[in-house]
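Below is one structure, written out as C-alpha cells; the observations come after it.
FYI, it's all coordinate maths here, none of it is from the lab. Only a predicted model underlies this, so the values are computations on that prediction, with no experimental measurement involved. Please note: Cβ atoms are built from the backbone with ideal geometry, for glycine as well, and neighbour counts cover all protein chains shown.
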Amino acid sequence: MNWIVFDYGDVLSKRTAALPKLAATLGVEAGRLEQHYWALREPYDRGCGDLEYWQSVGKALGVEVDKAKSEELTSIDVEGWSHLEPSSAELLDALGEAGAALALLSNAPSSFGRWAREQDWARHFRVTLFSGDLGCVKPDERIYRILLGRLGAAPADCLFFDDRKSNVDAAGALGIRAHVWDGAEAAKAALG
C-alpha cells in the first residue's frame, strides 16, 4: 500500500494567529511572548504537559501561570492552529474520496492531538501521530521509524509533505519520498 503522509502546521493549517491573544492573556507584548513561545516549544511538542509548558513560558516572561491560566492559554493556542488552509482541505477531501491511504505526522503537543482527532477532517486519516504522544519530534529518526511501524510500510511506500526542509531531509535519509510543502497545487503535481 502507498501512503501519503502530511505534516499539520503550515501545511494543512494556516499559521497560528493566536500570539496576540496569548500575549494579552499573559499581560505582555506579543513580541516578547513570541520569542519564548517558540524557544520553549520543543519540550511541549516532545510530550511535556500543558501546565509545564505554560509555566516555563510564564517564568521566562516573569508572569505566574496557574492551572486555570494554563487551561485558558492551551484553549487559545489550540484554536489558533485550528484553521485549515482551504486548498489543503479541498486536497484532503479529494484524496479521502478517492480512497487514498492518508496519515498525519505532526510536531504538536498531546492536547492539540486530542482536539485534532475529533475534527471532521481527521476522518480522512487512517493514522494520526502527534509528537507529544510519541516522546520524540521531527527531524529525529525515531519518529519516522515509529511512523513506518504504525503504517506497516516500507519507506519507499510513503510520500511525505512537510514545510521544514530539515524534516524532509531526515525522512528522505531513511528512503521516504519526501517533499517540502509548497502548497496544495504543488502537492497534486507530486502525487501525479
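GNM on the chain, alpha-carbon springs under 10 angstrom: the most fluctuating residue among D93, D120, D45 is D120. Dipole size of the range 19-80 about its Cα centre, with +1 on Lys/Arg Cβ and -1 on Asp/Glu Cβ: approximately 140 debye, rounded to the nearest 20. With helices as the sole contributors, the chain gives -15000 deg cm²/dmol at 222 nm; each DSSP H run of n ≥ 4 counts as -39500 (n - 2.57), and the sum is divided by every residue. Could you let me know the centre-to-centre spacing of the range 1-49 and the range 55-109, using Cα atoms, in angstrom? Between the Cα centre of the range 1-49 and that of the range 55-109, the gap is 7 Å.
Whole-Hz Karplus values for the range 37-54 come out as 3, 7, 4, 9, 6, 4, x, 5, 5, 8, x, 5, x, 4, 4, 4, 5, 5 Hz, taken residue by residue from phi with 6.51 cos²θ - 1.76 cosθ + 1.60 and θ = phi - 60°; glycine and proline positions read x. For the chain, the relative contact order works out to 27 percent when only alpha carbon pairs closer than 8 Å and six or more residues apart are counted. Listed by chain and number, the aspartates and glutamates placed with their C-alpha closer than 14 angstrom to that of K67 are D50, E52; residues fewer than eight positions away on the same chain are left out. Specify the longest stretch of the chain that does not include any exposed loop site, a site being one of the GluC sites (Glu not before Pro) with a non-H, G, I, E, B DSSP assignment and at most 12 other Cβ atoms within 10 Å. Longest site-free region, per DSSP loop and neighbour criteria: 119-192.
In order along the range 144-154, the phi-based Karplus estimate (6.51 cos²θ - 1.76 cosθ + 1.60, θ = phi - 60°) of 3J(HN,Hα) comes to 6, 5, 4, 4, 4, x, 5, 7, x, 10, 7 Hz; Gly and Pro are listed as x. Between amide H atoms placed 1.01 Å from N, distances below 5 Å from L104 occur with F6, V127, T128, L129, all of them 5 or more places distant or on a separate chain.
Close amide-amide hydrogen proximity is noted between R177 and C158, F160, each under 5 Å apart and 5 or more residues distant or on a separate chain (H modeled in the peptide plane; Pro and chain starts excluded). Charge dipole of the chain (Cα centre as origin; +1 on each Lys and Arg Cβ, -1 on each Asp and Glu Cβ, all else neutral): 380 debye, rounded to the nearest 20.
For the chain, the residue among S75, L91, A171 whose Cα projects farthest onto the positive side of the dipole built from Cβ charges is A171. Legend: translational diffusion of the chain by Stokes-Einstein, Rh = Kirkwood radius over C-alpha pairs, 20 °C, 1.002 mPa s; D = 125 µm²/s.
Once the chain from E71 to A30 is taken as fully extended at 0.36 nm per residue, the excess over their C-alpha distance is 12.8 nm.
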